[in-house]
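One structure is given here, and the rest of the page talks about it.
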Amino acid sequence: MNIGLIGSGGREHAICKKIYESKLVNKIFCFPGNAGTSKIAINVDIDILNFNKILNSIKVHKIDLVVVGPEEPLVKGLVNFLNKNKIKVFGPNKYASQLEGSKAFMKNLCKAKKIPTANFKICKNKKQVKNFLKESSLPIVVKADGLAAGKGVTICNNRKKVLTTSDEIFNGKFKSSKKVILEEFLEGEEASYFLVVDKNNFKFFGTAQDHKRVGENDTGLNTGGMGAYSPANIINNKIERKIINKIVNPTLNFLKKRKNSYKGFLYVGLMVKDNEPYLIEYNVRMGDPECQVILPRLKTDLVKIMLNTVNNNLKKTSIKWRKEKSMTIVLCSKGYPGSYKKDKEIKNLNKIKLSKYDFVFHAGTKVQNNKILSAGGRVLNFTSLGSDFFKIRKRILRLLNILNWKNGFFRRDIGWKIIG
Ligand code: AMP
Ligand code: GLY
């Protein structure tokens, strides 16, 4: 069969590689892909929000299954659009994608189903913000309701900051929504828990811990993610049962009752405190770079899992994992997450000898005149598998040193909380 994969990040290169390894697959088309996917798939340069063009290309290339990597096309209804046109898609529909696309939707669902999460108030104006401030203690987390490309959350340590940040959102800083969500600040340790979900069932799809801050020791600005490791040891069996019973089941039942059953990957973003999980956020897709640490640990054919999900056959699907742990360090363009230069050549990639335990997943890269050039903030993902996080990190850092890309930087301390 032929597969169409939507997206162009490290997550999509990791997914593309797994699809490439599947015996079920003939050709892969990436919309639009990157320099890494171009080696194992055919890149098709189409705007992923231009649904008609995507549909046209799906028909031309006789694509049997579409896999959606990023959130934006999901939230904007690509799955509904393609299903209406009789195309099979792996991913949630527009209604279910509100779990990520609208924090107000997600928080109201939590309230209705008594799901443990930070106390909150959805505000449409300054007066409501001021009222919340009267009854809450600092810090307060200010969030934009809609998609904000990872820039919609501000942790505020004083009341003035709460007011100015809220004002910016009311004034239309983010096109997706003008509503503000104010939240109590949760203490604890963050972890991400993943599931693959069909109409009737779901299966565990790994755990990971991301490192969102740009600087070592978790300092500086927020990014899309500078590195991750898997598994996240903090999620033990007892906590997992609580995640399923108190958070996942009520959510999936809520959607099912509204005739919009969830389908696809579900990313449960958690804060764990005193052995209790609290829901911070849902994402309706795999994480990036979490995907790059989880997929190399997967033993089962990913395309089989995706097909069984689309056909509501997950119950019979056994998903097997390698015992090894894994880590990813993200190589970024200097300046990220602020402004950075593009089109910088990455020269030494062919000097790096990868063992079967090492992977380089491309993100912001492109091929031009047979050269690989940078094309984004997060450029390459170096992933390795092994038995010990300290050794894995050492191995990755050695590979990054061989690459020695002068225009980039990376964090050397991924996993610092568990490695010490
Ligand atoms: P979100 O987009 O909701 O995941 O928020 C981005 C990041 O902000 C999370 O990964 C957390 O590190 C932090 N964060 C969000 N909400 C809270 C909260 N209520 N308490 C503490 N930290 C939070
Ligand atoms: N790494 C965080 C995310 O994918 O949302």
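Since every read-out is calculated from the coordinates, none of them should be taken as a lab result. Computed from a predicted model, the values in this text were never measured in an experiment. Ideal geometry is used to build each Cβ from the backbone, glycine not excepted, and the neighbour counts take in all protein chains shown.
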- Going by average Cβ neighbours within 10 Å, how do the peptides 297-303, 255-261 rank, with the highest at the top? 297-303, 255-261
- Message: Between residue 20 and residue 241, what is the label-point separation in nm under the 7 Å Cα-to-beta-carbon projection?
- Response: 4.3
- The correct pair for region 279-365, radius of gyration to one decimal and Dmax as a whole number, both in Å and from Cα atoms, is 17.2, 48
- What is the Cα centroid distance between region 325-404 and region 1-46, reported in whole angstrom? 19
- Kindly provide log₁₀ I(q)/I(0) values, in the same order as q = 0.13 Å⁻¹, from the Debye equation applied to equal alpha-carbon scatterers of the chain. -1.20
- Task: Compute the distribution of all C-alpha to C-alpha distances in region 186-231, in bins of 5 Å from 0, and list the percent of pairs in each, rounded to whole numbers.
- Result: 5, 18, 20, 21, 14, 11, 7, 3, 1
- Task: State to the nearest 20 debye the size of the charge dipole of region 178-312 about its Cα centre, where the only charges are +1 on K and R beta carbons and -1 on D and E beta carbons.
- Result: 1000
- Message: Show log10 I(q)/I(0) for region 83-207 at q = 0.14, 0.19, 0.22 Å⁻¹, two decimals, from a solvent-free Debye sum over equal Cα scatterers.
- Response: -0.71, -1.12, -1.35
- Computed for the chain: size of charge dipole around the Cα centre, +1 on C-beta of each Lys and Arg, -1 on C-beta of each Asp and Glu, debye to nearest 20, value 620
- Rounded to 0.05, the calculated FRET efficiency for the beta carbons of residue 113 and residue 86 at R₀ = 35 Å is 0.55
- Note on the structure: Rg from C-alpha atoms of region 309-359, normalised by the globular rule of thumb 2.2 N^0.38 Å, equals 1.93
- Message: Which log10 I(q)/I(0) values does region 246-328 give at q = 0.11, 0.13, 0.14, 0.18 Å⁻¹ under the Debye formula, counting every alpha carbon as one identical point scatterer?
- Response: -0.39, -0.55, -0.64, -1.03
- Message: Using a Gaussian network model on the chain with a 10 Å cutoff between Cα atoms, which of 373, 74, 138 fluctuates the most?
- Response: 138
- Listed here are the pairs 130/246; 126/178; 212/325; which of them are more than 22 Å apart at the Cα? 130/246
- Query: Given 377, 314, 229, which one lies farthest toward the positive end of the charge dipole of the chain, if we put +1 on the Cβ of every Lys and Arg and -1 on the Cβ of every Asp and Glu?
  - Reply: 314
- region 144-191 - Rg and Dmax from Cα coordinates, angstrom: 11.5, 33
- Task: Please report 75, 330 as a ranked list, fewest other C-beta atoms within 10 angstrom at the top and most at the bottom.
- Result: 75, 330
